[in-house]
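Below is one structure, written out as structure tokens; comments come after it.
What follows is calculated from the coordinates using simple rules that are stated; it is not laboratory data. The shown structure was predicted, so the numbers you read here are calculated from the model rather than taken from an experiment. Ideal geometry is used to build each Cβ from the backbone, glycine not excepted, and the neighbour counts take in all protein chains shown.
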């Protein structure tokens with residue numbers, strides 16, 4: 001083992017199914033010796049003998065701390081030596097695998113939970129084994145518990161050593177790396193033995209107090225947060241300061257740190273349920289957490305697909321939707337924030353960015369401060385959103401902003417699929433209004449607006465199908481949107497879907513509040529739009545057929561309206577389609593018109609076809625054993641097969 005310890009330990013950890021209690025006990029005892037009882041003297045260093053016949057061996061001196069002081073306690077990975085002895089190398093190797101070993105083998109037993117009565121160190125005859133064997137406290141513990149205790153002491157020693165001022169910059173980075181590992185090991189030890197929580201918390205709390213204001217140590221704060229999350233409730237300590245640092249300060253100040261972004265999202269993904277139950281304000285930090293995504297969208301979008309559902313609550317749903325739509329603006333604001341700190345106010349001989357000047361201007365400072373806010377609750381969106389888009393116009397072709405915009409449709413799909421599970425009908429009605437409002441308030445990025453409208457259209461149908469009463473509740477806003485003809489050219493996809501939901505769900509069969517007056521009002525609004533676009537331009541056949549279908553559906557529910565729509569349909573049959581742009585458009589419009597005209601000649605049939613009862617929209621007659629259709633289908637199938645075989 002001493003010849004190639006990493007290989008041996010790697011075999012044990014990789015082939016865990018072949019590792020029995022004896023192997024675990026054996027290696028646990030050796031790890032205790034290597035971790036706690038390594039020599040504190042430097043290894044032998046050979047020097048040239050000059051004119052003498054052989055080399056001189058310098059007398060080894062004591063190892064030293066990172067600040068140059070002589071080591072006053074046991075050897076650790078943070079001790080410095082000109083040359084390491086074998087047991088010191090084993091100390092380094094042991095620490096590197098300790099966390100994985102504790103996690104993997106903490107529950108391996110011998111079957112009868114008996115311990116070796118002659119429990120002693122395996123390094124027989126060595127000084128290390130004699131020192132280890134004489135430890136009375138260690139002899140009272142089984143091997144795994146003894147390793148756990150020595151691991152606890154080792155980590156406490158590392159935390160104490162990390163407070164020393166390192167003489168080399170590389171040693172400072174080593175201190176941070178060892179702190180991450182030490183806190184993770186302490187967390188694992190406390191998970192296995194709850195009695196260690198009260199001993200570890202003062203040390204971890206002191207470490208957090210020392211590092212929470214040092215952004216260069218941000219990578220250490222996440223293991224500390226994990227420790228608080230796992231054990232804060234058991235120790236009855238206030239963890240709010242930890243969450244304000246991890247979710248508040250770090251994303252705001254270090255949003256451009258890819259390592260921190262990855263570690264933070266990994267932490268959230270691994271603890272989503274626990275964060276919901278133990279950190280009530282977790283979801284309120286979503287404006288800060290979105291800064292990671294805004295800065296590095298391609299690298300983090302897959303992580304946010306998993307994280308985003310945990311941020312969607314009834315209290316944050318509306319504001320989060322606005323924030324997702326404004327993600328490209330946030331990316332531009334973060335870019336301007338860094339440029340403002342790095343570039344001078346005026347560049348001699350050059351022309352500065354107008355957006356950067358706007359970012360520095362007190363007149364527009366409030367807009368950017370809202371974008372860069374750290375917590376939710378200051379408002380769903382801003383009043384002068386169109387002004388902000390004008391200020392950021394030149395940012396629309398920045399590569400980082402374009403990449404940010406490309407991930408928004410993906411996240412919107414995740415958002416809407418989640419919000420329907422956590423929201424009531426009142427909140428969903430509010431979201432419908434946001435869809436209509438924000439369809440006109442988007443940063444002008446190529447293809448971005450069209451993609452967002454496509455997502456809006458898809459989920460507007462899903463929301464209305466899930467809660468048809470939304471159409472009656474928001475009928476005024478939907479009619480206002482459908483009655484604005486300018487929406488046809490700029491938002492054709494969304495417009496046709498709004499017209500469809502009005503014609504489909506504005507019915508007393510879906511909501512008893514749907515009155516004849518409301519149906520008539522909707523009919524007149526859509527009728528006016530249809531006459532306007534067919535008399536003053538070349539409308540899209542898709543829009544025309546959508547309007548015709550909606551008018552026919554509404555007329556089938558109020559028979560007084562049938563003559564009005566039939567008049568227009570008869571004109572289509574007579575060839576009044578000069579506004580169509582091509583022969584294919586003529587065929588599409590005329591065919592739809594003839595179908596609807598034929599239906600409306602029989603009002604009762606039109607009602608059953610255009611407004612079928614809910615049972616008819618999802619029929620299962622072919623599988624209903626009490627209906628006559630299944631045996632008929634089976635008979636016809638049998639005859640078809642018989643006829644086919646006869647031909648063969």
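Normalising the average separation of contacting C-alpha pairs (under 8 angstrom, six or more residues apart) by the number of residues puts the relative contact order of region 409-517 at 28 percent.
Using a 7 Å offset from Cα along Cα-Cβ at residue 314, what residues in region 447-481 end up with backbone N under 15 Å from the label point? Those under the cut-off are none; the list is empty. Remark on region 215-351: ratio of C-alpha radius of gyration to 2.2 N^0.38 Å is 1.16. Could I have the simple spin-label model distance between residue 353 and residue 240, label points 7 Å from Cα toward Cβ, reported in nm to one decimal? My value for the distance between the label points is 3.7 nm. This ranking places 419, 471 by how few other beta-carbon atoms lie within 10 Å of each, fewest first, which gives 419, 471. Ordering 262, 459 by the number of other Cβ atoms within 10 Å of each residue's own Cβ, fewest first, gives 262, 459. Only Cα sites of region 409-472 enter the Debye sum here, all with the same form factor; the resulting log10 I(q)/I(0) across q = 0.26 1/Å is -1.21, listed in q order. How large is log10 of I(q)/I(0) for region 457-576 at q = 0.13, 0.21, 0.22 Å⁻¹ when the intensity is taken from the Debye formula with one equal scatterer per alpha-carbon? Result of the Debye calculation: -0.47, -1.21, -1.31. Full extension of the chain between residue 252 and residue 425 yields a length gain of 58.9 nm, computed as 0.36 nm times the residue separation minus the alpha carbon distance. May I have the pair-distance distribution P(r) for region 390-540, computed from all Cα-Cα distances with 10 Å bins from 0 and rounded to whole percent? Taking all Cα pairs of region 390-540, the binned fractions are 10, 36, 33, 17, 4, 0 percent.
From Cα pairs below 8 angstrom and at least 6 apart in sequence, can you work out the relative contact order of region 277-345, rounded to a whole percent? Don't skip to the answer; put the middle values down first.
Numbers: 27 pairs, mean separation 28.9, N = 69.
Contact order relative to length: 42 percent.
Full extension of the segment from residue 521 to residue 380, taken as 0.36 nm per residue of separation minus the current Cα-Cα distance, would add 47.6 nm.
What's the FRET efficiency of residue 535 with residue 270 using the Cβ-Cβ distance as r and R₀ = 45 Å, to the nearest 0.05? The partial results should precede the final answer.
Values: r = 62 Å, r/R0 = 1.37.
E(calc), rounded to 0.05, equals 0.15.
For the peptides 232-243, 80-91, 291-302, the ranking by mean Cβ contacts within 10 Å, running from highest to lowest, is 291-302, 80-91, 232-243.
Once a ≥ b ≥ c are taken as the square roots of the eigenvalues of the Cα gyration tensor of region 382-424, is the result rounded (a/c under 1.5), prolate (a/b larger than b/c) or oblate (a/b not larger than b/c)?
Numbers: a/c = 6.17, a/b = 1.64, b/c = 3.76.
Because a/c hits 1.5 or more and a/b fails to exceed b/c, region 382-424 counts as oblate.
Label sites at residue 277 and residue 306, each approximated as a point 7 angstrom past Cα along Cα to Cβ, lie 2.0 nm apart. Each part reduced to its alpha carbon centroid, region 187-257 and region 143-168 end up 17 Å apart. Note the full-extension length gain between residue 490 and residue 262 as 0.36 nm times their separation in residues minus their Cα-Cα distance, in nm to one decimal. The span from residue 490 to residue 262 would gain 78.2 nm if fully extended.
For a footprinting-style exposure proxy, rank 150, 462 by other Cβ within 10 Å, fewest first. The partial results should precede the final answer.
Working: 150 25, 462 12.
Fewest to most other Cβ atoms nearby, the residues stand as 462, 150.
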